[in-house]
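Colleague: This is the structure I want to talk about, given as structure tokens.
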Amino acid sequence: IRLLHGEAVRRLTALPAVQAAGLMHAGPFLSSISMNMRAPGIDSMPRLPGGGPYYFTGTTGTLEAHQVRLLRGRLWRDADLDSAAQPTVIITRRMAEAVWPGKDALQQCVIVDDRACAPVIGVIADLRRQQLREQPFLALFWPMGVGGDRPPGSPQVLVRMRGAGRRAEPLIRRVLLEVDPNQPYVTIVPYESFVDPRARSWRLGASVLSAFGAL
């Protein structure tokens with residue numbers, strides 16, 4: 001199954017219409033996983049109003065498809081996602097400042113669920129977890145399938161197109177069915193469908209204010 005998923009991402013990434021592609025089990029506006037986390041030399045993790053630490057999962061290409069803004073360090077490379085490799089994590093700016101104030105987060109590591117201490121290799125801009133307006137929270141990205149990690153269920157394939165949008169769905173579906181012809185079907189869902197319900201009240205409010213402004 002892991003080989004099939006990897007082959008699917010490789011074929012999709014090779015398409016001229018695809019900007020980036022990767023795998024994920026949890027992602028912004030989909031789901032996040034809460035975890036036990038600690039850091040060497042720190043008695044207890046800071047408490048933020050939004051909770052956490054939470055983690056999202058991904059592979060090479062996932063963060064690029066999310067279009068996260070890298071502030072420091074680097075994103076994952078293929079060598080980081082080898083199943084026998086040491087896990088490495090990518091954290092948000094807020095987590096870096098909350099856990100290691102005044103220190104270089106890239107020189108630190110975190111212990112997740114009593115695993116070996118995973119080095120921080122990158123710091124990205126803050127992101128949203130479930131809502132457009134949220135309380136500050138701690139979050140990081142964990143490499144999927146690394147260091148004995150076996151997340152439940154099948155991952156989603158996240159694909160960012162080069163402006164093709166819904167017109168590229170038949171192409172994506174064909175590639176995925178070529179990789180595994182035994183699949184009964186392939187479901188393709190625009191990522192906007194996870195965000196739009198959270199934005200509906202904001203759009204309604206903006207429309208009402210615009211109407212009053214026009215009057």
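The values are calculated or read from the model by the stated rules, or taken from the named source; none is laboratory data. On a predicted model such as this, the values are computed, not experimentally measured, just so you know. All Cβ positions, even for glycine, are placed from backbone atoms using ideal geometry, and neighbour counts span all protein chains on display. Protein only, heavy atoms only, side chains kept; ligands, DNA and RNA dropped before computing areas. Shrake-Rupley method; radii C 1.70, N 1.55, O 1.52, S 1.80 Å.
Colleague: Please work out how much accessible surface Val9 shows to a 1.4 Å probe, ignoring ligands, DNA and RNA, in Å² rounded to 10.
Modeller: Near enough 20 Å² of accessible area.
Colleague: Same structure, new question: Can you give the FRET efficiency for Leu204 and Ala84, using 1/(1 + (r/R0)^6), R0 = 35 Å, r = Cβ-Cβ distance, to the nearest 0.05? The partial results should precede the final answer.
Modeller: Working: r = 51 Å, r/R0 = 1.46.
Computed FRET efficiency for Leu204 and Ala84 comes out at 0.10.
Colleague: Looking at region 44-74, which trypsin sites (Lys or Arg not before Pro) are DSSP coil and have at most 14 other C-beta atoms within 10 Å of their C-beta? Mind showing how you got there, number by number?
Modeller: Values: sites: Arg47, Arg69, Arg72, Arg74; in loops: Arg47, Arg69, Arg74.
For trypsin sites (Lys or Arg not before Pro) across region 44-74 that sit outside H, G, I, E and B with at most 14 neighbouring Cβ atoms in 10 Å, the list reads Arg47, Arg69, Arg74.
Colleague: Further, regarding this structure: Could you pull the Rg and Dmax for the chain, using just the Cα atoms, both in Å?
Modeller: 19.0, 65
Colleague: Let me ask something additional. Extending each Cα 7 Å along its Cβ direction at Arg115 and Gln135, get the distance between those two points in nm, one decimal.
Modeller: If labels sit at Arg115 and Gln135, their model points lie 2.8 nm apart.
Colleague: Over the chain, what is the percentage of antiparallel beta bridges among all DSSP beta bridges, to the nearest 5? Please report the intermediate quantities before stating the final value.
Modeller: On the way: 18 of 27 bridges.
Antiparallel bridges make up about 65 percent of those DSSP assigns within the chain.
Colleague: Okay, moving on. If ligands, DNA and RNA are left out, what is the accessible area of Asp126 with a 1.4 Å probe, given in Å² to the nearest 10?
Modeller: Accessible area of Asp126: about 50 Å².
Colleague: Need one number: nm distance between label points at Ala125 and Ser31, each 7 Å from Cα along Cα→Cβ, rounded to one decimal.
Modeller: Calculated label separation equals 2.8 nm.
Colleague: Based on the Cβ-Cβ distance of Leu3 and Gln67, what FRET efficiency does E = 1/(1 + (r/R0)^6) give at R0 = 30 Å, to the nearest 0.05?
Modeller: Numbers: r = 27 Å, r/R0 = 0.91.
For Leu3 and Gln67, the calculated efficiency is 0.65.
Colleague: Just to confirm the filter: which trypsin sites (Lys or Arg not before Pro) across region 98-187 are DSSP coil and have at most 10 other Cβ within 10 angstrom of their Cβ? All intermediate terms of the calculation are to be shown ahead of the outcome.
Modeller: Numbers: sites: Lys103, Arg115, Arg128, Arg129, Arg133, Arg160, Arg162, Arg166, Arg167, Arg173, Arg174; in loops: Lys103, Arg115, Arg128, Arg129, Arg133, Arg162.
Loop-located and lightly packed - Arg133.
Colleague: Please give the length that would be gained between Ala17 and Arg166 if that part of the chain were fully extended, namely 0.36 nm times their separation in residues minus their C-alpha to C-alpha distance (nm, one decimal). Write out the running numbers ahead of the final one.
Modeller: On the way: separation 149, 0.36 × 149 = 53.64 nm, distance 1.18 nm.
The span from Ala17 to Arg166 would gain 52.5 nm if fully extended.
Colleague: OK, next. Ignoring ligands, DNA and RNA, what accessible area per residue does region 8-57 give at 1.4 Å, in Å²?
Modeller: Working: 2360 Å² over 50 residues.
Value returned for region 8-57: 47 Å² of accessible area per residue.
Colleague: Further question on the same structure: Expressed as a whole percentage, what fraction of the accessible surface of the chain belongs to carbon and sulfur atoms when a 1.4 Å probe is rolled over the protein heavy atoms?
Modeller: Values: 6310 of 12170 Å².
Summing carbon and sulfur atoms, their accessible area is 52 percent of the total for the chain.
Colleague: Which of Gly41, Gly58, Gly122 moves most in a GNM of the chain, Cα contacts under 10 Å?
Modeller: Per the Cα network of the chain with a 10 Å cutoff, Gly41 tops the list.
Colleague: To the nearest 500 deg cm²/dmol, what mean residue ellipticity at 222 nm is calculated for the chain from DSSP H runs of n ≥ 4 alone, each contributing -39,500 (n - 2.57), summed and divided by the residues? Let's see the in-between values first.
Modeller: Details: 5 runs with 58 residues, N = 215.
The helix-only estimate for the chain comes to -8500 deg cm²/dmol at 222 nm.
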